[in-house]
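Participant: Okay, handing you the structure first.
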Amino acid sequence: MIIINLYHATYQPLMDSIKKHGLGATKRQNYEDSKQGVVYLARNPDVAMSYAETSEAVPDEWLNQIVVLKINTTQLDPNKLFIDRNVQDNDGATLEYRGVIKL
């Protein structure tokens with residue numbers, strides 16, 4: 001099965017930087033187990049949203065400013081895409097992209 005779109009949820013206050021530098025280009029981590037230079041993606045936009053809603057590393061007011069980005073996988077290097085190792089028993093619902101994703 002070929003997946004055309006993946007999803008990443010972020011916050012409106014970060015969008016200018018993301019548009020300028022790409023996802024994964026900054027040192028910001030929204031979870032303590034996130035790795036620098038890795039973009040976490042979900043197969044389902046609701047799953048991506050749920051991760052953003054539960055981040056404890058962002059200001060509370062950002063939780064009302066979540067933006068879900070649709071990432072076209074044809075624009076990604078498949079050699080940099082892996083199953084998310086931070087999720088136990090992950091069946092592939094969440095993935096990690098080890099690189100920068102330009103929007």
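The values are calculated or read from the model by the stated rules, or taken from the named source; none is laboratory data. Treat the numbers as computed from the prediction; the structure is a model and nothing was measured. Here the Cβ is made from the backbone with ideal geometry for all residues, glycine too, and neighbour counts use every protein chain on show. When the accessible area is computed, the model is the full protein with side chains, heavy atoms only, and any ligands, DNA or RNA have been set aside. Shrake-Rupley method; radii C 1.70, N 1.55, O 1.52, S 1.80 Å.
Participant: What is the distance in Å between the Cα centres of segment 57-103 and segment 1-23?
Facilitator: Centre-to-centre distance over Cα atoms comes out at 8 Å.
Participant: Placing +1 at every Lys and Arg Cβ and -1 at every Asp and Glu Cβ, with all other atoms neutral, what dipole size does the chain have around its Cα centre, in debye to the nearest 20?
Facilitator: So the magnitude is around 620 debye.
Participant: Residues with amide H under 5 Å of LEU41's amide H, sequence separation 5 or more or different chain, H placed in the peptide plane at 1.01 Å from N; which?
Facilitator: LEU95, GLU96, TYR97
Participant: What list of ³J(HN,Hα) values in whole Hz, one per residue of segment 55-62 in order, does the Karplus curve 6.51 cos²θ - 1.76 cosθ + 1.60 (θ = phi - 60°) give from phi, with Gly and Pro shown as x?
Facilitator: So the J values, rounded to whole Hz, are 5, 9, 9, 10, x, 3, 5, 6.
Participant: I want the local charge near ALA9. Using Cβ-Cβ distances under 12 Å, sum +1 for each Lys or Arg and -1 for each Asp or Glu among the other residues. Working shown, then result.
Facilitator: On the way: positive: LYS70; negative: ASP46, GLU53.
Overall, the nearby charge balance is -1.
Participant: Here's a follow-up. Just to be sure I understand the model, the point goes 7 Å from the Cα along the line to the Cβ. What's the resulting VAL67 to THR54 distance in nm?
Facilitator: 2.4 nm
Participant: Could you tell me the ratio Rg/Rh of the chain? Both radii from Cα atoms, Rh via Kirkwood. Mind showing how you got there, number by number?
Facilitator: Details: Rg = 12.7 Å, Rh = 13.8 Å.
Rg/Rh: 0.92.
Participant: Expressed as a whole percentage, what fraction of the accessible surface of the chain belongs to carbon and sulfur atoms when a 1.4 Å probe is rolled over the protein heavy atoms? Intermediate results must be reported in sequence, preceding the final value.
Facilitator: Numbers: 3160 of 6650 Å².
Carbon and sulfur: 48 percent of the exposed surface of the chain.
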